[in-house]
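The values are calculated or read from the model by the stated rules, or taken from the named source; none is laboratory data. Since the model is a prediction, treat every value here as computed from it, not as a measurement. So basically every Cβ, Gly included, is an ideal-geometry build from the backbone, and we count neighbours across all protein chains shown.
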Amino acid sequence: MDFFTHFLVPYIILFALKSKNKLEGAFGGISLDLDTIFIAWIGFLVPYLFVFSHRGITHSFIFAAITSTLFLYVISRRSINGFIEKIIRRDISVEFTLKTVGIAYFGALTHLFLDFLTSKGVPLLYPFTLQRFSAEIYYYIDVTTAVIALAVLLILYLRLDMKYKKAAMVIFMIILVSFGGIRAYEKNAALAENPVSGNLVYSAAYPTQDMFTWTVVQSDSSNSTYYSFNYNTLNKERSDVKRVQSLTVHGGTVQSAQEAIDKSEELPAIQNFRWDAYDPCINASYNGKEWKLTYFDVTDDGYRSNNIMVTV
Ligand SMILES: [Zn+2]
């Protein structure tokens, strides 16, 4: 979910609850995505630490508490928020107390919930497990929601009558919840209108930028065959139809390919790829000396590189 929505959701909830500490909650809400600046470079420099990436370590229940507390501490320093106040010409002074630390964590929890609704989700239970949890309802960033959120933020910033600000906040929440409801409904429709057949037994639908287009992936019980297509729930048409094998082997035996794959699984780049992928597949080809392994995801969601090649 986008930065502006992460600010607004806790801010509006706290406003509705008549809390004095709306800003503390909003700062907690945006704090987790500062991982793009302060954390992601660690994973970039040390590939084994790929959990130090955007939507990695900070997006877990435990480290979200640390992140939101640290951020609230920094932003509550007079020298820091005084500096920002001079630039934006608004009072953003916040307190650092046990209560506001709790409110900032509440903001962080709304962030985790919103990101849980999006593509591929978040590793909520890290460090106990790297597994990501996701409802697969929203695409990573919903552009329409982000633009509306920015407009609402601008209305809150301007010195307007309170009734306009209240109206903007109510409208924003209605839009956010409606979009989520429509997406959940359309996702179910995409699944219901494309029942599995033949040897295919599993079916999943992943969000795209368009709330009426879903990427449907069906697989057999051993996940060796995937049948995938984009389905538009308005005109009920399929596009980008493809059938993919989880492993294709050229130039060598399957057993030899499997040994090469087992070796490649120790590489951080491959572990990271698997962590990011819905349904990882491999093309293996042997040239007489070494195996060339090309990993790709059945669903190319257009967000990350979907083609990684290693030689073993
Ligand atoms: Zn996030």
### Query
Is it fair to say F133 is surrounded by 14 or more Cβ atoms within 10 Å (Cβ to Cβ), more than 19 Å from R274 (Cα to Cα) and either within 16 Å of the ligand (Cβ to nearest atom) or at pLDDT 95 or above (or both)?
no
### Query
Taking the condition buried (at least 17 other Cβ atoms within 10 Å of the Cβ) and acidic (D, E), does E85 pass?
no
### Task
Just give me the residues in the range 1-18 being assigned to a loop (DSSP other than H, G, I, E, B) and more than 16 Å from the ligand (Cβ to nearest atom), in sequence order.
L17, K18
### Out of F61, F128, F50, sole residue that is farther than 30 Å from A189 by Cβ and free of Cβ contacts under 8 Å to residues at least 24 places away in the same chain
F128
### Summary
Over the range 261-311, the set of residues over 24 Å from the mean Cα position of the chain (by Cα) and hydroxyl-bearing (S, T, Y) is S264, S285, Y286, T294, T311
### Query
Could you list, in sequence order, the residues of the range 175-185 that are more than 17 Å from D2 (Cα to Cα), free of Cβ contacts under 8 Å to residues at least 24 places away in the same chain and of a type outside the set (G, A, S)?
Y185
### Query
Out of all the residues in the range 38-50, is one or more under 17 Å from the mean Cα position of the chain (by Cα) and not in a helix (DSSP H, G or I)?
yes
### Message
Being within 18 Å of V51 (Cβ to Cβ) and either surrounded by 14 or more Cβ atoms within 10 Å (Cβ to Cβ) or of a type outside the set (D, E) (or both) is the filter here; which residues of the range 263-272 pass it?
### Response
L267, P268, A269, I270, Q271, N272
### Summary
R55 passes all but one of the listed conditions (1) touching a residue at least 24 places away in the same chain (Cβ under 8 Å); (2) part of a helix (DSSP H, G or I); the exception is number (2)
### Task
Within the range 30-57, track down each residue that is polar (S, T, N, Q) and crowded, with 20+ Cβ neighbours inside 10 Å.
S31, S53
## Note on the structure
Going through (1) crowded, with 21+ Cβ neighbours inside 10 Å; (2) part of a helix (DSSP H, G or I); (3) not aromatic (F, W, Y) one by one, I66 fails only at (1)
### the range 273-297: number of residues that are touching a strand residue (DSSP E or B) at 6+ places or on another chain (Cβ under 9 Å) and closer than 25 Å to F52 by Cα
12
### Task
Check S246 against each of (1) touching a residue at least 60 places away in the same chain (Cβ under 8 Å); (2) surrounded by 16 or more Cβ atoms within 10 Å (Cβ to Cβ); (3) small (G, A, S) and name the one condition it does not meet.
(1)
#### Entry: Candidates L72, L17, filtered to the one that is surrounded by fewer than 19 Cβ atoms within 10 Å (Cβ to Cβ) and either among the acidic types (D, E) or modelled with pLDDT of 95 or more (or both)
L17
### Message
Any residue at all in the range 82-98 that's within 14 Å of the ligand (Cβ to nearest atom), of a type outside the set (A, V, I, L, M, F, W, C) and assigned to a loop (DSSP other than H, G, I, E, B)?
### Response
no
## Note on the structure
Residue hits (the range 19-43; more than 16 Å from the ligand (Cβ to nearest atom), within 24 Å of W275 (Cα to Cα) and either among the charged types (D, E, K, R) or not assigned by TED's automatic domain parsing to the domain that holds E136 (or both)) are none
